[in-house]
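Since the structure comes first, as structure tokens, the remarks are kept for the end.
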Amino acid sequence: MNDKVQEISLHARYSYKGSNAVDLSTEGDHSSIHGGGNGGGGNMLEARVARLEANVEHIASDVTEIKQNLRSTSTDISSMVTDLALSKRDISDIKNDTSALKQEIATMNGRVSGLETSISSFKTTIKVSAGVISAAVVIFGVIAGPYLAKIASVINELALKQ
């Protein structure tokens, strides 16, 4: 290795130089090693503490505001849960009503189908009846035609004599 020794500090008490750990607590006080000092910052300790206190106050007010928002959000969520439950019940009622309407529509379709069958049957009956009446008139005309012609000529003769 070369003359340069790398120092790695993993803990305030120990320093690792190369592969050997050196206990710094035996080498003296931190202040004496690093030339004294009063914690750093000079006389700015009060200003730093004041800034930290102001920051803590802001953080506390932010936490209070967050808590209020959380309560409001919890209330809103509770209201939404209630509304959702009511909506689910309404949807269930609508499904039941729809099922009942489907059954009624099926019944009405059956009735309409029955009416269509009845109307078709009635049309057939009328057609058959008209055919029977027409046949009866023709048959009556063929059978009764000569007799009716004689009766009509007798009535004409009587009417002309007077």
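What follows draws every value from the coordinates through simple rules; no lab data is involved. Not measured: the values here are computed from a predicted model. Because the Cβ atoms are built from the backbone with ideal geometry, glycine has one as well, and the counts that use them run over all protein chains shown.
A compact table of results
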quantity	calculated
Distance cut-off 24 Å, percentage of C-alpha pairs in segment 38-152 lying past it	75 percent
Virtual spin-label span in nm between THR82 and SER129, 7 Å along Cα→Cβ	6.9 nm
Length gained when the stretch ALA106-GLU57 is fully extended (0.36 nm per residue, less Cα-Cα span)	10.4 nm
Computed lengthening from SER120 to LEU45, 0.36 nm per intervening residue step minus Cα-Cα distance	16.3 nm
